[in-house]
Every structure is written in structure tokens, then in C-alpha cells.
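The values are calculated or read from the model by the stated rules, or taken from the named source; none is laboratory data. Just so it is clear, the model here is predicted, and its values are computed rather than measured. Positions of Cβ are backbone-derived with ideal geometry, glycine not excepted, and every protein chain shown enters the neighbour counts. These accessible areas exclude ligands, DNA and RNA; they are computed on the full protein's heavy atoms, side chains included. Shrake-Rupley method; radii C 1.70, N 1.55, O 1.52, S 1.80 Å.
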Amino acid sequence: MEEISKKDLLSETGISYGQLYRWKREGLIPEDWFIKRSAFTGQETFFPRDRMLERVQEILAQKDTHSLDEIREDLANKARVYQIRESLLSLSDMNEEFVDSLQAPATITELSWESFAAVVGLHEMTIRAKLKLAEAVSLIDDALYAVASSTQIPSTMTLAKAADSWHFIVASQATWLATDRGVSFVETLQVADVATRIRRLKDERTA
Amino acid sequence: MYTRYSGTGKYEQNAKQGKSRIDGVVIFPGGSFDELSINGVCTSEGPIEANLIDIDGVFTASSDIRADSIDFDGVVTIHGNLRVKKADVDGVVTVRGVKVEADYIKCDGILTAESQVSADVIEAEGFINAREIVGDRITIRSFRKAGLFKFVMKVREAFTDKDFSRVDLIEATRIELRGVRAKTVSGQDIIIGPACIIDRVDCTGTLSVDPDATVREIIGVVPNQ
């Protein structure tokens with residue numbers, strides 16, 4: 001995931017320190033987007049580049065006409081996916097037969113945008129890896145339950161294989177993963193990339 | 001409704017109160033209040049939420065405090081986070097949680113935060129010690145003997161750390177400091193006043209450094225003096 005430094009963010013967007021920290025306090029920018037890293041000069045702060053630039057533009061577009069509370073509510077609504085079955089049909093490569101084979105959408109009312117994107121991305125990987133229908137359905141059901149049961153924001157999704165069985169690993173931050181020789185990582189994707197892509201698709205379709 | 005609790009011992013209350021006044025040596029569970037006045041030696045065992053809090057005496061909060069306005073006049077220790085619109089610190093306040101968040105902080109006493117203080121505006125004639133202070137406009141004028149700084153520093157043993165505010169990182173749009181020791185000061189428009197010792201200043205706008213200040217490294221702009 002590409003990152004942008006705090007200084008570069010302020011320079012590129014023209015916002016001030018005061019605005020950045022006020023928006024953080026008001027919950028318009030999630031705390032876990034402030035990524036602290038040790039640097040030569042001490043601790044420096046970085047952000048997920050695409051998400052942060054998009055978020056700042058969203059806030060700037062509304063700040064003169066809406067209160068911070070209203071902006072926060074709007075962002076929260078946009079950050080959720082409802083009607084999971086319909087969303088999977090319209091924003092993923094799953095066809096109706098596949099979606100109707102899933103059990104999870106019947107019990108999940110909403111997901112965060114990143115969680116939804118993680119599952120969509122996993123499905124795309126199962127297609128490329130040529131999983132059988134039943135294997136893919138089982139994996140996607142498990143993935144939906146996993147992301148729905150956590151408040152963590154998925155960062156990476158990995159498709160893995162152990163012997164003849166397929167597995168997924170979803171991680172919430174840039175994480176080093178290692179495994180024994182019995183498990184092989186087939187493919188890993190950045191959830192943010194999938195999220196950006198399907199968000200654009202959604203915007204195009206609702207425009 | 002005005003509810004008055006006093007005396008020693010523990011009192012129980014669960015309902016949202018009107019004006020509440022707590023006196024004496026009291027342990028209470030915390031709760032939700034309109035106006036809360038705390039005097040004496042008090043401890044709260046749960047989170048407190050109020051429109052207005054007035055604290056005198058010695059108060060220990062075991063959890064978070066959230067309010068529109070808080071007046072701190074005593075010795076207060078908060079074992080949690082502090083979230084307030086306006087805070088007026090005249091006593092000694094220590095916040096052990098991960099954050100202090102406010103719209104406005106006025107500090108004529110001593111505020112110590114173990115993590116980050118984030119506020120739109122901070123005006124301190126007292127002392128603020130924190131890992132980070134961030135916001136929009138930060139003014140800390142801690143060292144009242146600034147005019148004598150150059151002379152007095154020759155007899156360095158006359159000074160202890162309590163004569164300075166100590167912060168690792170100060171970051172804001174506009175910063176004015178006096179009597180502050182900091183590792184890094186980053187901002188748009190910065191005034192480093194007398195009796196400051198700063199390791200690194202990173203300025204993107206205008207910078208002024210007093211001759212009686214020590215700044216080891218400057219990044220960004222050339223200072224006006």
C-alpha cells in the first residue's frame with residue numbers, strides 16, 4: 001500500500017495542521033490511518049496515500065456547506081455496504097448461482113467498504129486459481145463471516161493452499177506472514193486497491 | 001433539581017442528575033451529569049460525562065471524562081482520556097490516558113499528559129508537559145523569568161526542569177513558545193521565544209527565533225530574528 005507523509009499530504013492538499021488534527025478529533029479521519037514509523041529524525045507519520053487524498057477531497061468538498069457532524073455521518077454511510085447480496089451481484093464477478101449458494105449474506109446486514117472489498121478480491125483470486133464452485137463458495141462464506149465479525153479494517157487478503165485444501169488469510173495492517181512448506185501463498189492483494197476500483201464502479205453506475 | 005452529597009463513604013447514583021455537588025471524602029461510580037461540582041477528596045470509579053464540571057480539591061478519575069466545559073482548580077489525576085470543548089487548568093492536572101482532546105485549553109497551572117494533547121487552541125501561561133501537542137494555534141509561555149534567562153543560565157543549577165514545559169513534539173499551524181524544551185517543533189508560522197531549547201524546528205511559513213533560545217536544527221525556512 002502506497003503511503004504519503006504528513007508533510008507531503010499538507011503540501012499536496014493545502015490543508016493545515018489545525019484542519020488535519022481537528023478532522024481527526026471529529027472522527028472524519030480514522031485514527032488508524034495515522035501510521036507512525038521511526039525515522040532518522042524521530043517518529044514520523046504516514047497515511048495510506050490514495051485513501052487519505054480521497055478523504056481530504058471529500059471533506060474539502062463539503063466543509064463550507066455542511067457541519068463536521070454532517071460530514072462524519074455522510075462518510076460513515078459511504079463507508080458501509082448494505083444489502084450484501086445485491087452488492088455482491090452488482091460490484092463483483094459473482095453470478096446469481098454463486099451468490100445464491102452463499103449462506104452468509106442472509107445473516108449479514110452491513111459491512112465496511114474495506115471488508116466488502118476484501119471478499120470481492122478473494123473471489124477474484126479464486127477465479128484465477130480455478131477453484132471449484134463448492135470450494136469457492138465455502139471460502140467466500142467463511143470470509144464474509146470473518147470480516148463481519150471484526151471491526152478491524154482489512155489491509156491484505158491472501159489466497160493460500162495447504163495440501164488439497166484452499167484457505168484465505170486476511171490481515172489488518174501491512175504484516176509479514178510466513179508459513180511452513182506445507183502451505184503455499186497463491187496470491188495476495190491489497191484491499192485498498194480493490195476498494196478503490198469497486199468504489200469507482202459504484203460511482204459510475206449511480207451517476 | 002439540585003442534589004447534594006457530602007460526608008464520607010461511597011455513594012451510589014445511576015440516573016442522569018441535574019446539578020450535583022460532591023463534598024468531603026467520597027468515592028462515586030461516575031455517571032452522567034448536567035453540572036457537576038467536585039470538592040474535597042474524591043474518586044470516581046467509572047466514566048464521567050457532563051455539560052459542566054467544576055473541580056476543586058483532590059480528585060482521581062479512574063476512567064474517561066467527557067464534558068463541554070471543565071474548570072480544574074485542584075489536583076486532578078485522570079486514569080483515562082479527557083475529551084472536552086473548553087478546559088481551564090488552574091491546578092495540577094495529570095492525564096494518564098492516550099489522549100487529551102479539546103477545542104480550547106487554557107492552562108495557568110500544570111497540565112501533564114502521558115500521550116497526545118490535541119486542541120484547536122492552547123493558551124498556556126503555566127506549564128504543559130506531554131509526549132505530543134498538536135492543533136491549530138498553540139501558545140505556551142512557561143518561563144516567567146525570560147528576561148533574565150541569559151544571566152541566570154550562567155548559574156544553571158538555579159534551574160530545574162519544572163521551570164520549563166517539556167514536550168517531544170509540538171505540531172500546529174501557528175506556534176508561539178517561551179520556556180519550552182521540545183525535540184521537534186513543526187508548523188507553518190513559528191515563534192521560538194526566550195528560554196526555549198528545541199532540537200529541531202521544521203517550518204513551512206515564517207519563523208522567528210529569539211537570541212535567548214537554543215535551536216539545534218532548522219528545516220524549511222531561514223529564521224527572522
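Averaging 1/r across all pairs of distinct Cα atoms in the range A:4-139 and inverting the result yields a Kirkwood radius of 17.5 Å. Take the Cβ atoms of A:THR196 and B:VAL25, set R0 to 51 Å, and the FRET efficiency comes out at 0.30.
Applying 1/(1 + (r/R0)^6) with R0 = 51 Å to the Cβ-Cβ distance of B:THR60 and A:ARG128 gives a FRET efficiency near 0.30. If both residues of a DSSP beta bridge must be in the protein assembly as shown, then about 20% of such bridges are antiparallel. Each of B:VAL84, A:SER149, B:ILE170 was placed along the dipole of the protein assembly as shown (beta-carbon charges, centred on the mean Cα), and the one lying farthest toward the positive end is B:ILE170. Multiplying the residue separation of A:SER101 and A:ARG80 by 0.36 nm and subtracting their alpha-carbon distance yields 5.2 nm. A simple rule links phi to the HN-Hα coupling: the Karplus curve 6.51 cos²θ - 1.76 cosθ + 1.60 with θ = phi - 60°, which for the range B:34-41 gives 8, 10, 10, 10, 10, 10, x, 10 Hz, with x for Gly and Pro. Residue ranking by accessible heavy-atom surface, 1.4 Å probe, largest first, among A:SER87, B:SER208 comes out as B:SER208, A:SER87. Given their separation in residues at 0.36 nm each and the Cα-Cα distance between them, A:TRP33 and A:GLN62 gain 8.4 nm when the chain is fully extended. Take each residue of peptide B:195-204, count the partner chain Cβ atoms within 10 Å of its Cβ, and average: the result is 1. Backbone geometry of the range A:89-97 corresponds, through the Karplus equation with coefficients 6.51, -1.76 and 1.60 at θ = phi - 60°, to 3J(HN,Hα) couplings of 5, 8, 10, 10, 8, 6, 8, 5, 4 Hz, x marking Gly and Pro.
Taking label positions 7 Å along the Cα-Cβ direction at both A:ARG181 and A:GLU54, the computed distance is 4.2 nm, reported to one decimal.
The distance between label points at B:ASP34 and B:GLU114 comes to 3.6 nm (points 7 Å beyond Cα on the Cα→Cβ vector). Note on chain A: lysine pairs with Cα distance below 14 Å, sequence gap of 8 or more or different chains, count 6. Chain B against chain A buries an accessible area of about 1400 Å², both chains summed, 1.4 Å probe radius. Ligands, DNA and RNA aside, B:ILE110 has an accessible area near 60 Å² when probed at 1.4 Å. To the nearest 10, the accessible area of A:GLU96 is 110 Å² with a 1.4 Å probe.
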